[in-house]
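Undergrad: Have a look at this one.
The values are calculated or read from the model by the stated rules, or taken from the named source; none is laboratory data. Since the structure is predicted, the reported quantities are computational estimates derived from the model, not experimental observations. For neighbour counting, all protein chains shown are included, and Cβ atoms are generated from backbone atoms with ideal geometry for every residue, glycine included.
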Amino acid sequence: MLDSGEAQLTLIDEAKRKVLGTQPTGKEPHHLMITPDGNSLIVADSVSNDLIFVDPHSGKVQKRVEDIEDPYQLGFSPDHKWFVTAGLRLDRVDIYRYDGHDLTLAKRVPLAKTPSHMTFSSDASTVFVTLQDSGELAAIDLATQTVKWKMPVGNTPAGLWMTPGDRDLLVGMTGEDDVAVVDWHKQQVVKRIQTGKGAHNFRNLDDGKHVAVTNRVASTISILDYTTLQKVGDIDGLLPGPDDMELSADRKTLWVMFRFARHVGVIDLTSRKLIDTIEVGRSPHGLYFADRAPVYAPNPD
Amino acid sequence: MITEIVAQLDNAVSTLQTLLYVDVVQPIFFKVGLMGYDEDTYDALYWVIIGALEILLTFAVLRPLEALRPIETWQDRKAVRADVIYTWIAKLGIINLAFFFLLQPVFNHWQSLIAIYDIPNIDIDSVWPGVTDQPVVSFLIYLVILDFAGYWYHRWQHRFGVWWELHAVHHSQQQMSLWADDRNHFLDDIIQAAFFAAISLFIGVQPSQFVVLVAVGNVLQSIQHVNAHLPVVPYLDRLLVSPTFHRRHHAIGYGHEGTRYGCNFGVLFPWWDVLFKTAAWNRATEPTGIRDQLPAPEGLGRNYGHGVLAQQWHAFGRIARRLRRSTSSA
């Protein structure tokens, strides 16, 4: 997992729930992602403007790719031909061609204000990006690297999650207390699911029905049924600032980063209770399990 | 051991930061629709707490010394009131906030251009792997580099007329005290923040180390301005700028005379003054301030303002007059 405020990668023994060690990264690493071949975990250093490829099991550095500007958020398209970074600080989305080994810049797309999270359409034709400060959702055509459309969605949109069959986009509204359901084909907000204050980011629970969303202000996690688009429960009693989540391979525990509490939390999904916390560094953000429950495509890992 | 102490202090501040943020600041930001600043505000709160602790610490330690062992005895402390306000404004990060909103986008753009056009920068951490990436080593290197830059920044404040008129806000103090360090023109504060941010960007200062660098610098500079005889530690004044050394810089007719000459420009280390032949070790206590503040016949009786707003405004008046003079003499 990444301590974005301390520029380090922390390795945790998942079974023992103990920190094994840390190693330095570049400045402000926020998110991390597995490469399509599963051989490398990419750590995106947003202030150092580079990517570090590490071994997904040991965390050992494999290589460093420089001149990737402000890679706050990152994602591979479902066909693995495109690699996209959202430059939150620089108001830009950069699109790279990926040949399975190297990244080649295709285009830098100016996109104000503060592009933060992304997801893709299943046919890999489109990347969707939330624009946090302008309260919009944008769609970029990957083949031409041009903005197809932008639409208002509300105050401070953050996490994005595509429902199976590319039916709807779920948008975590961090400035509100809901998840906006967007019919992206019609560019319309069709529903708002009340969750908790500061709805932020998603993780599917790999049971064919549910997706979890963190509520950054309420310090809770809401469980949504994405087949009915209803909230079915909340997990409370958490530490402040729940953010990114990860699901264990056995689907029994949901791990969550407490951004404002320097801890990672372990939630038992049967009882829906926080059962353990692990102290880590400042501003913990992205996390990844070497052995994990799958993330539904076309949503990036 | 030092690392452990810093870690414990850091933990204590972080706990307070989280409590304040979650229970006070974040609910307000959510209510007024400013959640886009959620993380930045949380990070900034750390600085606010550090600033408040600095003020409390320096006050608790230095104020009794000022009362017991004053260098100068004053009729009253009215002139210090404005300096107290400046200190709270600066230490609570209000200037940094202005910097963030005004100049951060410019810096982001520059950073973007640096990468696009392959403008080289130095990452001190990676110069000598195994040595310069040790936190203590890189911290000391950053401290020396930034202090060297600070020496020249200070010299330029005295060298260039318009800049001097801004810096004169600081020098117009005739009662130096533990509160004196932060009496500066706000415009100068922002220029200074940009200057040091640019250098920090160039040499790759880590955010966590930047916090400690600034905190150490602030405490030492508060000590330099104190109105108290401090215990003499042999050779310490050759290592760090002492109150005596810095008081000489503020002395009318000895330490500076507007843009004409000056001595003891060092911010934390006096070595730069020795190296560039601007050091003066005379320990005699002289009146501080600016010559034209003095009543005639020594000066012109110029008013530099008593309150914060007056001091800020008068600086613009002086700049305008200086520019008019230079235009008419051209």
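Undergrad: Pairs, please: C-beta under 8 Å, at least 6 apart or cross-chain, first residue touching a residue at least 40 places away in the same chain (Cβ under 8 Å) and in region A:185-201, second crowded, with 20+ Cβ neighbours inside 10 Å and among the acidic types (Asp, Glu)?
TA: A:Ala199/A:Glu176; A:Ala199/A:Asp178; A:His200/A:Asp243; A:Asn201/A:Asp243; A:Asn201/A:Asp244
Undergrad: When the residues of region B:20-58 are filtered to those that are within 9 Å of chain A (Cβ to nearest Cβ) and hydrophobic (A, V, I, L, M, F, W, C), which remaining residue is nearest to A:Gln132 (Cα to Cα)?
TA: Selected residue: B:Met35.
Undergrad: Scan region A:40-63 and give yes if some residue there is β-branched (Val, Ile, Thr), in a loop (DSSP other than H, G, I, E, B) and under 20 Å from A:Pro298 (Cα atoms), otherwise no.
TA: no
Undergrad: Okay, moving on. Given B:Gln224, B:Gln192, B:Gln175, which one is of a type outside the set (Val, Ile, Thr) and touching a strand residue (DSSP E or B) at 6+ places or on another chain (Cβ under 9 Å)?
TA: Step by step, each of B:Gln224, B:Gln192, B:Gln175 is checked, and only B:Gln175 is of a type outside the set (Val, Ile, Thr) and touching a strand residue (DSSP E or B) at 6+ places or on another chain (Cβ under 9 Å).
Undergrad: Oh, and also: Within region A:92-155, considering only strands (runs of 3 or more DSSP E) that don't extend past its boundaries, which have at least 1 residues that are out of contact with any Leu (no Cβ under 7 Å at 6 or more places or on another chain)?
TA: So the answer is A:92-98, A:103-110, A:115-120, A:136-141, A:146-152.
Rundown of residues vs (1) in contact with a Ser or Thr (Cβ under 9 Å, 6 or more places away or on another chain); (2) surrounded by fewer than 20 Cβ atoms within 10 Å (Cβ to Cβ); (3) part of a helix (DSSP H, G or I), yes/no style:
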{"site": "B:Asp181", "(1), (2), (3)": "yes, no, yes"}
{"site": "B:Ile191", "(1), (2), (3)": "no, yes, yes"}
{"site": "B:Leu201", "(1), (2), (3)": "no, yes, yes"}
{"site": "B:Phe210", "(1), (2), (3)": "yes, yes, yes"}
{"site": "B:Val219", "(1), (2), (3)": "yes, yes, yes"}
{"site": "B:Thr244", "(1), (2), (3)": "yes, yes, yes"}
{"site": "B:Thr259", "(1), (2), (3)": "no, yes, no"}
{"site": "B:Val267", "(1), (2), (3)": "no, no, no"}
{"site": "B:Trp272", "(1), (2), (3)": "yes, no, yes"}
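Undergrad: Identify the residue in region B:316-330 that is of a type in the set (A, V, I, L, M, F, W, C) and under 17 Å from B:Phe186 (Cβ atoms) and, among all such residues, is surrounded by the fewest Cβ atoms within 10 Å (Cβ to Cβ).
TA: B:Phe316
Undergrad: Filter region A:45-86 down to the residues that are more than 28 Å from A:Ala138 (Cα to Cα) and within 12 Å of chain B (Cβ to nearest Cβ) and list them by number.
TA: The answer is A:Arg64, and nothing else.
Undergrad: Restricting region B:221-239 to residues that are part of a loop (DSSP other than H, G, I, E, B) and surrounded by fewer than 17 Cβ atoms within 10 Å (Cβ to Cβ), which is modelled with the lowest pLDDT?
TA: Here the answer is B:Val232.
Undergrad: Can you name the residue in region B:160-179 that is in contact (Cβ under 8 Å) with a residue 40 or more places away in the chain, within 15 Å of the chain's Cα centre (by Cα) and assigned to a helix (DSSP H, G or I) and, of all such residues, is nearest to B:Glu66 (Cα to Cα)?
TA: Within region B:160-179, the match that is nearest to B:Glu66 (Cα to Cα) is B:His171.
Undergrad: Please find, within region B:119-150, the residue that is nearest to the chain's Cα centre (by Cα) out of those that are aromatic (Phe, Trp, Tyr) and under 26 Å from A:Asp67 (Cβ atoms).
TA: Once the filter is applied, the top-ranked residue is B:Tyr142.
Undergrad: Which of the following residues is within 14 Å of chain B (Cβ to nearest Cβ) and basic (Lys, Arg): A:Arg272, A:Arg292, A:Arg282, A:Arg251?
TA: Every option except A:Arg282 fails the conditions.
Undergrad: I've got another one for you. Is it the case that some residue within region A:213-224 is away from chain B (no Cβ under 14 Å) and surrounded by fewer than 18 Cβ atoms within 10 Å (Cβ to Cβ)?
TA: no
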